[in-house]
1. Here are several values of volume of the Cα convex hull per residue in Å³: [x] 156; [y] 143; [z] 118. Which one was derived from the coordinates shown?
2. Given the Cα-Cα distance of Ala84 and Leu39 and 0.36 nm per residue of separation, how much length would full extension add, in nm?
3. Given a cut-off of under 8 Å on Cα pairs at least six residues apart, what relative contact order in percent is computed for the chain?
4. What list of ³J(HN,Hα) couplings, whole Hz, do you get for the range 90-100 from phi and the Karplus terms 6.51, -1.76, 1.60, once you set θ to phi - 60° and write x for glycine and proline?
5. When the dipole is taken about the Cα centre of the range 1-75, and only Lys, Arg (+1) and Asp, Glu (-1) are charged at their Cβ, what size is it in debye, to the nearest 20?
6. For the chain, what is the accessible area per residue in Å², given a 1.4 Å probe and the full set of protein chains?
7. Please identify which residues in the range 29-66 have an amide N closer than 20 Å to a label point set 7 Å out from the Cα of Asp176, following the Cα→Cβ vector.
8. Probe radius 1.4 Å, ligands and nucleic acids ignored: give me the carbon and sulfur share of the accessible area of the range 48-138 as a rounded percent.
Amino acid sequence: MGRLKEVDLSSDLSKKEGKKRLKKAQERMQELRLELAGLDGDERLGPPLCVVLEGWDASGKGGAIKRLLAKLDPRHVRVKQYAAPTPDELRHPWLWRFWPALPGWGGMAVLDRSWYGRVLVERVEGFATVEEWTRAYDEITGFERMLAEEGTVLVKLWLHLSEDEQLKRFEARKNDPLKRYKLTDEDWRNREKRPAYEEAVEDMLERTGTSLAPWHVVEGDSKRFARVKVLETVIAAAEEGLERHGRRKTPGS
C-alpha cells in the first residue's frame with residue numbers, strides 16, 4: 001500500500017474550530033517571521049525558511065499560500081510560481097532556474113510548484129527522458145541536503161485530493177466566470193492520467209523524503225483542515241529550525 005492510500009481524506013474541522021486554530025496559527029506565524037528576520041529585538045538572523053508546495057490540480061495550494069502569508073509583510077516574503085521552463089532556462093542545467101528564488105539567512109520563500117516537476121509532470125508527460133527523471137531523484141536529494149546543511153529549513157508539502165473532490169472543484173470553476181480562468185484543457189488531460197501521476201507521486205515521496213527534508217502529506221478534501229495543517233506544519237518546522245540554530249523562541253511560546 002502506498003503512502004497516499006493511507007491518507008484520511010475525511011479529516012475536517014468545524015467552522016468554529018477551524019477559525020480559532022487558523023487565527024492562532026497566523027499570529028504565531030507573524031511572530032516567527034519577525035524572529036527569523038531578526039526584527040523581534042534580537043538582531044541575529046534566523047535560518048532561511050523555504051516552503052515548497054506541490055499537489056494535485058485544484059488541491060488548494062493558492063488558498064493555503066494566501067492564509068499562510070495573510071499576516072506577513074509582503075516585502076519580507078518571496079512567492080514564486082513555476083511553470084514550464086523558458087527557452088533560455090533550458091540552456092542551463094535544470095536546477096539552475098530555481099536558485100534565484102531561494103531565501104538567504106533571515107529570509108523566507110514560498111514556492112508554488114518546484115524542482116519536483118522533473119519527477120512528476122516531466123516524467124508523466126515525457127518532457128524528460130527516462131534517464132533524466134530517473135537520475136533526478138539523487139540530484140534532488142543532493143541539492144536539498146546541501147541547502148539543509150547550509151542552514152535552510154525546507155518544508156515540503158504535498159496537498160492530497162480525492163478524485164471525486166477534484167472533479168467537484170473542476171466543475172465549480174467551470175461554472176464560475178470569476179474562476180473559470182483557473183481551469184485549462186491541460187487540467188482535464190492530467191486528470192485522465194491520474195494513475196500514472198499517483199505512481200510518480202508515490203515514487204517522489206519514497207525516494208526524496210529524507211530526515212533533512214521530509215515530506216508532509218496534507219489531507220486536502222477539506223480546505224479548512226488543509227489550510228490549518230499547512231500553517232501548523234510550517235510553524236513547527238520553523239520553530240525547530242530556530243532552536244537547532246541557537247535562536248530562542250519568542251516570549252510566551
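The values are calculated or read from the model by the stated rules, or taken from the named source; none is laboratory data. All values derive from a computational prediction rather than experimental measurement. Reconstructed Cβ throughout: ideal geometry from the backbone, glycine too, with neighbour counts over all protein chains shown. Heavy atoms of the whole protein, side chains included, go into the accessibility calculation; ligands, DNA and RNA do not. Shrake-Rupley method; radii C 1.70, N 1.55, O 1.52, S 1.80 Å.
1. Checking each listed value against the structure points to [y].
2. Stretched out fully, the Ala84 to Leu39 stretch lengthens by 12.6 nm.
3. Relative contact order here is 33 percent.
4. 5, 6, 10, x, 5, 7, 4, 6, 8, 4, x
5. Here the size comes out at about 420 debye.
6. Using a 1.4 Å probe on heavy atoms only, each residue of the chain averages 52 Å².
7. Of the residues in the range 29-66, 55-66 have backbone N under 20 Å from the label point off Asp176.
8. Carbon and sulfur together cover 56 percent of it.
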